[in-house]
Amino acid sequence: MLKVGLTGGIGAGKSEVSRLLVEHGAVLIDADRIAREVVAPGTPGLAAVIDALGKEVLAADGSLDRPKLGSIVFADADRLAVLNSIVHPLVGARSRELEEAASADSVVVHDVPLLAENGLAKLYDLVIVVDASTETQLDRLVRLRGMTEEDARARMAAQATREKRRELADVVIDNDVPLETLRRRVRDVWADLERRAREAGQQEASSE
């Protein structure tokens, strides 16, 4: 098994890269998706968030009001730290369960938005960073996600810098490019991941 950490700043296009890797055969473990699952209505995770941040973070149907939560925590570093201290351990535990369920010869891609911020690079055999310019990130967040420019800049400022992420990278995928160029780059990266996975499997077999 080859364990890959995939990260990138908000709006950099990491989700598109993860989708392309899945098309090639990667097993995807999506931290964002798991983060939603562990604070779904009725979960201990949601109860802990309410205890820590108040009922103001709830929507009318009892689910987590994510836009409201985001506007609160991304403007307050202390409250963001509290939220992370609740959600991250739950996400980590579920991610390990899914990884253990994958086959031994898999390329397992962990889509982890806050890999750099939380010092998680050492957990993976390889780190891929999806990179885009600040201008591109801002444009995508405002134009495609409907954020205000103020909210978009606050989200970006709450994350690690591009430079910090690139320092951790074994592979950088530039996403300031047309989709077809991105597809070719991901195809080449996948070929390298498969090669690494085969070599890892051979090493494991020879050591048994």
Problem - Extension gain, Val142 back to Ala60 (0.36 nm per residue minus Cα-Cα distance, nm) - result: 26.9 nm
Practice task
State the percentage of accessible surface on the chain attributable to carbon and sulfur atoms; use a 1.4 Å probe and exclude ligands, DNA and RNA.
Solution key: 50
Practice task
Enumerate the amide H contacts of Ile173 below 5 Å, restricted to partners 5 or more residues apart or on another chain; note that Pro and chain-start residues carry no placed amide H.
Solution key: Val129, Val130, Asp131
Fill in the blank from the handout: Glu150 and Glu163 label points (each 7 Å along its Cα→Cβ direction) are spaced in nm at 2.9
Exercise for the section: Place +1 on the Cβ of every Lys and Arg and -1 on the Cβ of every Asp and Glu in the chain, take the dipole about the Cα centre, and give the residue among Gly146, Ser103, Ile86 whose Cα lies farthest towards its positive end. Expected result: Gly146
Completion exercise
The distance between the Cα centres of segment 162-181 and segment 96-139, in whole Å, is 12
Exercise for the section: Using every Cα-Cα pair within segment 1-78, state what percent have a distance larger than 20 Å. Expected result: 47
Completion exercise
Counting only DSSP beta bridges fully inside the chain, the antiparallel percentage to nearest 5 is 5
Problem - Additional length obtainable on full extension of the chain from Asn118 to Arg96, 0.36 nm per residue less Cα span - result: 6.3 nm
Exercise for the section: Scan the chain and note any complete DSSP helix (H) whose C-alpha atoms cover at least 27 Å along its axis and whose Kyte-Doolittle average is 0.0 or more. Expected result: 77-101
Fill in the blank from the handout: Once the in-chain neighbours fewer than 8 apart are removed, the lysines whose Cα is under 21 Å from Lys122 read Lys3, Lys14, Lys164
Completion exercise
About its Cα centre, segment 136-180 carries a charge dipole, from +1 on Lys and Arg Cβ atoms and -1 on Asp and Glu Cβ atoms, whose size in debye to the nearest 20 is 180
Problem - Å² of accessible area per residue within the chain, as computed with a 1.4 Å probe and no ligands counted - result: 53
Exercise for the section: For Lys55, list the lysines whose Cα falls under 19 Å from its own Cα; do not include residues on the same chain fewer than 8 positions away. Expected result: Lys68
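The values are calculated or read from the model by the stated rules, or taken from the named source; none is laboratory data. Here the structure is a predicted model, which means the values were calculated and not measured. Note: ideal-geometry Cβ built from the backbone for every residue, glycine included; neighbour counts use all protein chains shown. Surface areas here come from the heavy atoms of the whole protein model, side chains and all, with no ligands, DNA or RNA. Shrake-Rupley method; radii C 1.70, N 1.55, O 1.52, S 1.80 Å.
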